[in-house]
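A quick write-up on the structure given underneath.
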Amino acid sequence: MRPAMTVAALLSAALVAAPAAAETVAVTAAHLLDVTTGRTIDSPVIVVTDGHVVAAGAGVAVPAGARRIDLPGMTLLPGLIDVHVHLTSDAEIRGYRHYAYTDSFWTVVGVANAKTTLEAGFTTVRNVGSNHFDDVALRQAVDAGLVPGPRIVTAAYAIGATGGHCDNASLPPSYDRKDASIVDSPEEGRAKVRWLHKYGAQVIKICATGGVFSTGDAVGAQQLTFDEMKAIADEAHMLGLKVAAHAHGDDGIRTAILAGVDTIEHASLASDATIALAKAHGSFFDMDIYNDDYILSTGTANGTSQESLDKERLVGLKQRQTFSRAVKAGVKMAFATDAGVYPHGTNARQFATMVKWGMTPLQAIQAATVGASAALSRPDLGGLAVGQWGDMIAVAGDPLADVTLLQSVPVVIKGGVVVKDGRGK
C-alpha cells in the first residue's frame, strides 16, 4: 500500500508542478479593455514572466521561446476583484442549520468556494469575516499551490461589541460564551487588532452597526462607539492594515468615517450628508446591492429566520437608492457582493444591478478592477500594466455593450497560468 504523502511532500510536489520561476507566457486576443480609460485596444499582447506583466499593448512582440496563449475573437480584461466575500460560508446553510456541522467543516467549504470563485473570473477577493482563522488557512493553502483559488486578503474574525452583529445571540444564556472577536472598550479593541494581525489578518473588519443576519438587534443601530472605532482604526493603520466597517445605519456609517475607517460595507441607510462626508474623506462604499434578490426569493428555505427576512425587506430597496445617490455624488466605489450570503461563483450578477441603479458598464467594471485595487491599496492588482500580476479574463464580446457577459467567463488566467478554459463548452 502506498504511504500517504506528508505536508512537506505535498508542498514540494506543488512547487514542482508549478511553472518554472522564469517562464514567459504571451497572451494574445482580439481586443483588450483598458479599464482605466475605457479604451479598447485591438490585437493586444500581454507578456507575463514569473507571474507578472512585463509588457502589454498593441504591437508588443511575442518573445522568442515564450509559451503562447492565443484567444482569437475574445476580449481581455484584468482579473476581477470582489472586496466583500465570505468564502467559508454557504448560502444554503443559514440560521440554526449551521449548528449541524463541526467547526472544521467550514474550512473545507472554503476550499470548494475558492475554486468556484476563481473559475467565475474573480482572481482576487477580500474575505471579511471567518471564524477560527479559516480564511488564513485557506489563503496559505492557495498560496502554496495545494488548492485552486483567488488571491485572498484575509480579515479572520470580525470585531464587534457584546450582543452586536459580530456576537452570537442565537443561543440561550446557558450556552453563553464571549466570541473571540468581541470588545467592549477602546483598549480591548487595540488588543484585538494586535491579536488578529499576529495570526494572519491582512485587513481589520469591524461591525459598526446591527445587521440583517444577526439576532435581536436593529439593523441600523450603532454598536461600537467613536472611541472604540478610532482606537481600532489607529492601531490597524499603525500596523499597515486597512479597516472595513460593516455599517447599515447612518449614525454608524458617519462615526466610522470620522474614526478613520477606510471602507464602509453595505452603507445601506447613508444620508446625503453622510454621502458628502464619505466623498470629502475619500472613503470607499462597498455596496452589495444584488443579494437582496436572492435573499428574498429563497425566503426561509435555507434556514434564514423571519426576523432576518423582515430586516432585508427594510433595507434592500433603500440600499439600492442610497447606491444611486452615492454614485451620482461621486463617492469612491469598490465591487462587493457579500458572496456567502448568496451562492459563490455568481458574484458577477451584481454588475447588471449596478448598471440598473446608476453606473455605466465601465464604472461597474472599474469598481471590480482599479477601484477595488485602490480600496485594497494593492497597486499590483486591478490592471494589466507592467509590474502587475498577470491575472486576466477573456469574454466573447464587448462587456461595455453587454455587462452580463461577465456572468459567464470562458477563460480565466491567474499569474499567467490558465486556470479555466471553457471555450466551446
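Close Cβ contacts (under 8 Å, 6 or more residues apart or on different chains) running from residues in segment 245-258 that are under 10 Å from Leu224 (Cα atoms) and open to solvent by less than 10 Å² (accessible area, probe 1.4 Å) to residues that are of a type in the set (Gly, Ala, Ser) and not in a loop (DSSP other than H, G, I, E, B) comprise Gly252/Ala245; Ala256/Ala245; Ala256/Ala247.
Restricted to segment 89-123, and to residues that are part of a loop (DSSP other than H, G, I, E, B) and open to solvent by less than 10 Å² (accessible area, probe 1.4 Å), which residue is nearest to Cys166 (Cα to Cα)? Ranking the candidates gives Ala91 first.
Of all residues in segment 191-233, those satisfying the criterion of being open to solvent by 60 Å² or more (accessible area, probe 1.4 Å), modelled with pLDDT of 95 or more and either under 30 Å from Leu296 (Cβ atoms) or of a type in the set (D, E, K, R) (or both) are Arg194, Lys198, Gln222, Asp227, Lys230. Would you be able to say whether some residue in segment 273-290 is farther than 19 Å from Lys356 by Cβ, open to solvent by less than 10 Å² (accessible area, probe 1.4 Å) and touching a His at 6+ places or on another chain (Cβ under 6 Å)? Checked against the condition, which is being farther than 19 Å from Lys356 by Cβ, open to solvent by less than 10 Å² (accessible area, probe 1.4 Å) and touching a His at 6+ places or on another chain (Cβ under 6 Å), segment 273-290 yields no hits at all.
In the set (1) surrounded by fewer than 19 Cβ atoms within 10 Å (Cβ to Cβ); (2) within 30 Å of Gly129 (Cβ to Cβ); (3) modelled with pLDDT of 95 or more; (4) of a type in the set (A, V, I, L, M, F, W, C), Ile81 fails one condition alone, (1).
Rundown of residues vs (1) more than 17 Å from Thr117 (Cβ to Cβ); (2) touching a helix residue (DSSP H, G or I) at 6+ places or on another chain (Cβ under 9 Å), yes/no style:
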{"residue": "Lys356", "(1), (2)": "yes, yes"}
{"residue": "Gln363", "(1), (2)": "yes, yes"}
{"residue": "Gly371", "(1), (2)": "yes, yes"}
{"residue": "Ala385", "(1), (2)": "yes, no"}
{"residue": "Gly397", "(1), (2)": "yes, yes"}
{"residue": "Ala401", "(1), (2)": "yes, yes"}
{"residue": "Thr404", "(1), (2)": "yes, yes"}
{"residue": "Ser408", "(1), (2)": "no, no"}
{"residue": "Val411", "(1), (2)": "no, no"}
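Taking the criterion of being part of a loop (DSSP other than H, G, I, E, B), out of contact with any His (no Cβ under 9 Å at 6 or more places or on another chain) and in contact (Cβ under 8 Å) with a residue 12 or more places away in the chain, the residues of segment 156-169 that qualify are Ala161, Thr162, Gly163, Gly164, Asp167, Ala169. When Val327 is tested against (1) touching a residue at least 40 places away in the same chain (Cβ under 8 Å); (2) touching a strand residue (DSSP E or B) at 6+ places or on another chain (Cβ under 9 Å), only condition (1) is not met.
Is there a residue being open to solvent by 40 Å² or more (accessible area, probe 1.4 Å) and at pLDDT below 95 anywhere in segment 22-37? Yes, because at least one residue in segment 22-37 is open to solvent by 40 Å² or more (accessible area, probe 1.4 Å) and at pLDDT below 95. Scan segment 210-219 and give yes if some residue there is of a type outside the set (Phe, Trp, Tyr) and over 23 Å from Gly316 (Cα atoms), otherwise no. There is no residue in segment 210-219 that is of a type outside the set (Phe, Trp, Tyr) and over 23 Å from Gly316 (Cα atoms). Is there any pair with a first residue in segment 73-101 that is closer than 30 Å to Trp389 by Cα and a second that is crowded, with 22+ Cβ neighbours inside 10 Å and aromatic (Phe, Trp, Tyr) whose Cβ atoms are under 7 Å apart and which are 6 or more apart or on different chains, and what are they? That search, which allows pairs on different chains as well, returns Leu80/Phe122; Ile81/Phe122; Ile81/Phe335; Asp82/Phe122; Asp82/Phe335; Val83/Phe335; Thr88/Trp106.
Confirm whether Asp34 is under 23 Å from Asp380 (Cα atoms), of a type in the set (Asp, Glu) and free of Cβ contacts under 8 Å to residues at least 24 places away in the same chain. Judged against the criteria, Asp34 is a match.
If you go through segment 38-78 and pick out every residue that is over 24 Å from Phe122 (Cβ atoms), open to solvent by 60 Å² or more (accessible area, probe 1.4 Å) and in a loop (DSSP other than H, G, I, E, B), you end up with 5.
Tell me which residues, restricted to segment 272-301, are modelled with pLDDT of 95 or more and hydroxyl-bearing (Ser, Thr, Tyr). Matches in segment 272-301: Thr274, Ser283, Tyr290. Any residue that is more than 27 Å from Gly252 (Cβ to Cβ) and open to solvent by 40 Å² or more (accessible area, probe 1.4 Å) - is there at least one of those in segment 176-188? Looking through segment 176-188, none of the residues is more than 27 Å from Gly252 (Cβ to Cβ) and open to solvent by 40 Å² or more (accessible area, probe 1.4 Å). Restricting the search to strands (runs of 3 or more DSSP E) fully inside segment 319-425 and requiring at least 1 residues that are of a type in the set (Lys, Arg), buried (at least 18 other Cβ atoms within 10 Å of the Cβ) and modelled with pLDDT of 95 or more gives 411-414, 417-421. Taking residues in segment 127-155 that are aromatic (Phe, Trp, Tyr), and partners anywhere that are open to solvent by 30 Å² or more (accessible area, probe 1.4 Å), the pairs with Cβ atoms closer than 7 Å and at least 6 places apart or on different chains are Phe133/Tyr199.
Among the acidic types (Asp, Glu) and under 17 Å from the mean Cα position of the chain (by Cα): does that describe Asp398? No.
The values are calculated or read from the model by the stated rules, or taken from the named source; none is laboratory data. Treat the numbers as computed from the prediction; the structure is a model and nothing was measured. Glycine gets a Cβ as well: all are built from the backbone with ideal geometry, and neighbour counts include every protein chain shown. For the accessible areas, the whole protein counts, side chains as well, though only heavy atoms, and no ligand, DNA or RNA atoms are used. Shrake-Rupley method; radii C 1.70, N 1.55, O 1.52, S 1.80 Å.
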